[in-house]
Structure formats: C-alpha cells, structure tokens
Amino acid sequence: MIPFLDLKAQYQSIRPEIDAAISRVLETSQFVLGEEVAAFEKEFASYCQCLHAVGVNSGTSALHLALLSAGVGPGDEVITVPFTFVATIAAIVYTGARPIFVDIDPVSFTMDAAQIEEKITRRTKVILPVHLYGQPADMDPIMEMAGRHGLVVIEDAAQAHGAEYKGRRAGSIGDLGCFSFYPGKNLGAYGEGGAVTTNNLEYARRIRILRDWGAEHKYQHELKGYNYRLEGIQGAILRVKLRYLESWTEARRRHAVRYNELLAESGLRTPFVIPYARHVFHIYAVRVPKRNSLQKALLARGIQTGIHYPIPVHNQQAYSDLGYKPGDFICAESAADEVLSLPMYPEIGESQLEEVSESLKECGCVGFNH
Ligand SMILES: *Cc1c(COP(=O)(O)O)cnc(C)c1O
C-alpha cells in the first residue's frame, strides 16, 4: 500500500520537538494567538521575504481577509481562474464581490495572463492568480496589467510555500499573499491554519484587526470583524515545522525529478516546470487521457492517487448562479478530465517512486499522440 500522503512519517521524524512545543503552550495557556503565534508570524514573514505575516485560522480566512483589507465588497469584480480549489472562489463570494474567470494556460495550469485585459471593467478591483500545485503563476504580466489599471494583486499561495518566481518568493510579489496550513499542505499545522503576507503596513493592520472581531483594543470595535484567530498550539507547531520546510521542499523537488526520469518513456505527460519557477511540488500531477480507469487500476494495486480537481469551479452546482456553462473554459475542463496526482511527500522512498512508476507503465496508460 502506497499512500497519497503520509503525515505520520513526518510527525515521527520530529516528534520530540513537536511534543515539547505543544507542552510549552499548555504551560503558558496562550491557546489563542499569543507569543508563539507572534513569533511564528515574524519567522514566516522572513521566510516569505515579506515585511508582515498575519496568522489566521485557515487559508480560506486568509483569502477572505486579504480581499476585505483591499476594500473588496458587493458590486466589485475579482478576476481569477476556475481551475483551483473551491475556497478561492468561496472567499470572493463571502465579500459580496463577483468572481470573473479567465482560463488557465494549458501547460502550466496557472492563469493565462493574456486573457485578463478583456475581462477588466470599471468594477474590477483585484486580480487573484493561484500558484497551483506549487508553481507560481506568470506574475510579471499580471503585475504590469494591475499597475496599468490600478488593481490590487492577491496571490493564492495556499499550495506554494517557498515557491519562487524569478527568484522572488510566492506571497511577496503581489500586494498580498494567502497561505494555508491545512495538515496536507507543504507547511501543515496539526489542525487548521493560514496566513496573509504583505509589505503594506496598512493592509497588515486591517487584517490583524479583522481576524480578532475588528478590535485593536478589547471591546472597541473599529471594523465589523470575525473570529479568524490562529491557535497558540498551531503557532508553536508551525514554528518547529518551518525550520524543516526547506529540506522537505528540496526532497519534494528531488522526488519530482526522479518521477520525471522514471516516467520519461511512459507516454504520460509529466509536469512542465516554467524556467522562471521554483516549483515546490505540493502536487505532482501527470496528464493522461484515460485518467479515471488508470486511477482505478492503480488503486487495485494499492497505490493511492488524487485528482486536483475533477470539476472546475465554473461547472460546480453551488456556483451555477455565476452564469457560466460547460465549454466556457476549455483548458480548465480538459485539465480537470486528465490530471492525476501521484503520491508525493518528503518522506516517500526511492522504492515507492519506482513502484508507482512501474505500475503506471504496466497499467497500459494510453499516451498522447502529440
Ligand atoms: C487549501 C487551499 C485553500 C484553502 O485553504 P484552507 O486552509 O483549507 O481553508 C485555498 N486555495 C487553494 C489553492 C488551496 O489549495
């Protein structure tokens, strides 16, 4: 049995430090925010090459508050992609704004910057690219377009801790960056967590207030806020894990290179890494026409895989009121039909990489003709 993800292996490798960190919080009783969270925020900001990081209780909350801090509300439009986890779109809808989709680039799976301009209206406030699978979107044309039209750029970096675009860290390129610390993410808490990064002090101040009931001083509510605070135990755990993140990321990148070699003759399409990118391989997705039958055949051999994501958001029932229809974003739709995420985590071994690759070849995957 080869799991898609193995969180237990990672815990076992750092157990004494994690247990000590949790004990520290239990001793101080700083269960919500507190010193561990404040220290983590400083360390994570520095890791992201940003001035500020604000811890919140999920990646979804990070997106919601980033949008609110940028002044997004009812009547506004936010340009994003349909090929993402649903949270990206949910957070936009929470603010009362309307998500406007542009298709993805079929090779990188990230926002096709060439399609943005035709979608900009008087109502557009934000461009929200997603660094899908751990590979940064092509940020230069996005930033150029935003500058020309006076728009704010918010990076959905929930899958891209430590990823780089032309040497700059994800979350430091746009006006705001949003991270998730969901357990399975590259930097995962032992529960829910998230953060917003920014170099803008005013955005950071507003997000700090909004996550804690809109009050900088207790019971003086300056803004209509939320209970989106990061827990002390998660802050302490994230501080320990942040110290290992670079070595874990390098392990993921080595595994990706190894998969590429092992699958070179397989007929499968392996991930394309754009030359400007440091891809951090949150997901290692191959592309294959008969994806669903291949996934079943692998499972029968004890190999777990994932699909990120089987239905693009514009075709989801919950968002049918946005007025999109099948066929509107063909690159997103064909990616959704063909991507298959292989087991990928820092602790996966060479023999497992070989077994997955051998099984893929033996299951007679049908290759592309072009
Ligand atoms: C995980 C994820 C989110 C949401 O983060 P949560 O911590 O689960 O709320 C948002 N966007 C993307 C692209 C994600 O992968």
Out of the range 157-181, which residues are under 15 Å from Ala113 (Cβ atoms) and either touching a Cys at 6+ places or on another chain (Cβ under 7 Å) or basic (Lys, Arg) (or both)?
-> Lys166
Residues in the range 208-257 that are on the phi > 0 side of the Ramachandran plot and not assigned by TED's automatic domain parsing to the domain that holds Ala189: how many?
-> 0
Quick check, is Gly194 in contact with a His (Cβ under 9 Å, 6 or more places away or on another chain), open to solvent by less than 10 Å² (accessible area, probe 1.4 Å) and under 22 Å from Leu68 (Cβ atoms)?
-> no
Filter result for Leu262 (touching a Ser or Thr at 6+ places or on another chain (Cβ under 6 Å), open to solvent by 20 Å² or more (accessible area, probe 1.4 Å) and of a type outside the set (S, T, N, Q)) | yes
When (1) among the hydrophobic types (A, V, I, L, M, F, W, C); (2) out of contact with any strand residue (DSSP E or B) (no Cβ under 8 Å at 6 or more places or on another chain); (3) over 17 Å from Gly162 (Cβ atoms); (4) surrounded by fewer than 18 Cβ atoms within 10 Å (Cβ to Cβ) are applied to Ile307, the one that fails is (2)
Among the residues of the range 185-210, write down those that are closer than 11 Å to His161 by Cβ and of a type in the set (Lys, Arg).
-> Lys185
Right, Glu144: among the charged types (D, E, K, R) and under 20 Å from the mean Cα position of the chain (by Cα) or not?
-> no
Sole residue being open to solvent by less than 40 Å² (accessible area, probe 1.4 Å), among the charged types (D, E, K, R) and not assigned by TED's automatic domain parsing to the domain that holds Asp156, chosen from Arg291, Arg301 = Arg291
Being polar (S, T, N, Q) and more than 16 Å from the ligand (Cβ to nearest atom) is the filter; apply it to the range 35-62 and report the residue that is most open to solvent (accessible area, probe 1.4 Å).
-> Gln49
Subset tally (residues that are of a type outside the set (A, V, I, L, M, F, W, C), in a strand (DSSP E or B) and surrounded by fewer than 24 Cβ atoms within 10 Å (Cβ to Cβ)) for the range 102-160 | 2
Would you please name the residue that is nearest to the ligand (Cβ to nearest atom), looking only at residues in the range 174-186 that are surrounded by fewer than 24 Cβ atoms within 10 Å (Cβ to Cβ) and either closer than 17 Å to Thr60 by Cα or within 15 Å of the chain's Cα centre (by Cα) (or both)?
-> Tyr182
For Ala277, state whether it is closer than 25 Å to Tyr182 by Cα and open to solvent by less than 50 Å² (accessible area, probe 1.4 Å).
-> yes
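The values are calculated or read from the model by the stated rules, or taken from the named source; none is laboratory data. What you see is a predicted model; the values in this text were computed from it and never measured. Virtual Cβ from ideal backbone geometry, glycine too; neighbours counted across all protein chains shown. Just the protein is used for accessible areas: all its heavy atoms, side chains included, with ligands, DNA and RNA removed. Shrake-Rupley method; radii C 1.70, N 1.55, O 1.52, S 1.80 Å.
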